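What follows is one structure encoded as structure tokens, with my remarks underneath.
The values are calculated or read from the model by the stated rules, or taken from the named source; none is laboratory data. Predicted, not measured: the structure shown is a model, and the values here were computed from it. In this analysis, Cβ positions are derived from the backbone assuming ideal geometry, glycine residues included, and neighbour counts consider all displayed protein chains.
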Amino acid sequence: MDVTERQHLDAVRAQLVRRYQFLDPHLVGEMVDTAYHQFDGCRIRDFVPLLVERAAIRSLDAALAAGATTSATVPAAARVEHHLL
């Protein structure tokens, strides 16, 4: 990961922690990390931060719908899957 991509992902993480301030920040970070790793090995990286943000939002919303508030309670269905993007 280059410096610019890291900066964009840090910004996405910070934005989502603020947006989902009522959730455990570690849960938010885990969702961002899980979404990011779905793109490991992709050669074109320009849109990865945007795709990570969208995937993490979907996962966080699914976790909320299932009543999750900590990383231990995140349902498997809320995990990011690359084919959904």
Selection over the stretch 1-34 where residues are among the β-branched types (V, I, T) and either in contact with a Leu (Cβ under 7 Å, 6 or more places away or on another chain) or over 18 Å from A62 (Cβ atoms) (or both) yields a count of 4
Identify the residue in the stretch 27-68 that is basic (K, R) and either in a helix (DSSP H, G or I) or touching a His at 6+ places or on another chain (Cβ under 6 Å) (or both) and, among all such residues, is nearest to Q7 (Cα to Cα). R54
Output for the stretch 2-29, where each listed residue is at pLDDT below 95, among the aliphatic types (A, V, I, L, M) and farther than 14 Å from L64 by Cα: V3
